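Worksheet: one structure, shown below.
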Amino acid sequence: MKKWEYTAKDGRSILVRTAQRGDAPKLHEGFHRVVDEGTWLPTFSANSHISDWVHWIDKTNRNRDILLIAFLDGEYAGHLTLQSEEWNASQHVAKLGIIVIKECRNIHVGRSLMLAVEEIGLERDFTKIVLSTFDDNEVAKALYLDLGYRIVGIRKKHFNMPNGFIDEVLMEKEIC
Ligand SMILES: CC(C)(COP(=O)(O)OP(=O)(O)OC[C@H]1O[C@@H](n2cnc3c(N)ncnc32)[C@H](O)[C@@H]1OP(=O)(O)O)[C@@H](O)C(=O)NCCC(=O)NCCS
């Protein structure tokens, strides 16, 4: 198991580590909580089960996928996923997804997960990370831009959310 230690903006400790089987209920609950906010993700209802998370965690021990979990003073705060592109010629590219639960935002939990994944991503031979976000997600865009991600495109009206259409912002970073 790999782990990293950081300090939150408010002085609390942030531990980031690779996910283990026993983390599945926390990952499952965290994802459900963010989906239930109905604001940040293009998923309206989370259909995953705890067993799906267990399978995914097991897979990360066999393939190049990465699942990182963050704890704030020992309590689950968020997680990050990194998955290889499918194309043969894009095996150096990984797709990133990240969530931090509402109570733990804006104190650098997200930044800590993003910093840790660059290190382990390189170890798993990824040299480029791609991600996307809603155009109105100012916190996410600020974090990604600050970490050196660049905007490479906008998909206009790509998501039809309950409050109307939202553009998708495509971003990427070479980490080598
Ligand atoms: C996006 C998300 C992962 C970021 O994680 P986080 O822990 O909140 O982010 P951090 O605290 O590391 O960094 C956020 C930065 O945005 C800044 N910020 C906060 N509000 C802002 C605003 N309205 N406009 C611009 N920047 C803002 C913060 O000050 C901080 O910058 P700093 O390093 O200068 O302090 C988290 O907010 C989240 O999970 N949101 C809901 C789900 C989501 O949007 N997932 C990502 C989908 S692409």
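No lab work stands behind these numbers, since they all come straight from the coordinates. What you are looking at is a predicted structure, and each value in this text was computed from that prediction instead of being measured. Cβ coordinates were reconstructed from backbone atoms using ideal geometry, including for glycine residues, and neighbour counts include every protein chain displayed.
Restricting segment 24-96 to trypsin sites (Lys or Arg not before Pro) that sit in a DSSP loop and have at most 10 other Cβ atoms within 10 Å of their own Cβ leaves Arg62. For segment 39-53, the Karplus equation 6.51 cos²θ - 1.76 cosθ + 1.60, evaluated at θ = phi - 60°, returns couplings of 10, 9, 10, x, 10, 8, 9, 7, 9, 5, 10, 4, 4, 4, 5 Hz by residue, with Gly and Pro reported as x. Which shape class, rounded, prolate or oblate, goes with segment 78-176 when its Cα gyration tensor gives a ≥ b ≥ c as root eigenvalues, a/c under 1.5 marks rounded, and past that a/b bigger than b/c marks prolate? Because a/c hits 1.5 or more and a/b fails to exceed b/c, segment 78-176 counts as oblate.
Extents of the chain, taken as max minus min of Cα coordinates on every principal axis and listed largest first, are 40, 38, 34 Å.
Which of the trypsin sites (Lys or Arg not before Pro) found in segment 101-165 are loop residues per DSSP with 16 or fewer other Cβ atoms within 10 Å of their Cβ?
Working: sites: Lys102, Arg105, Arg111, Arg124, Lys128, Lys141, Arg150, Arg155, Lys156, Lys157; in loops: Arg105, Arg124.
Answer in residue order: Arg105, Arg124.
Residues in segment 154-165 carry Karplus couplings, in order, of 10, 9, 5, 6, 7, 10, 9, 8, x, 8, x, 6 Hz; the curve used is 6.51 cos²θ - 1.76 cosθ + 1.60 with θ = phi - 60°, and Gly or Pro positions show x.
Residues whose amide H comes within less than 5 Å of that of Met161, counting only those at least five positions distant or on another chain, are Ile166 (H built at 1.01 Å from N in the peptide plane).
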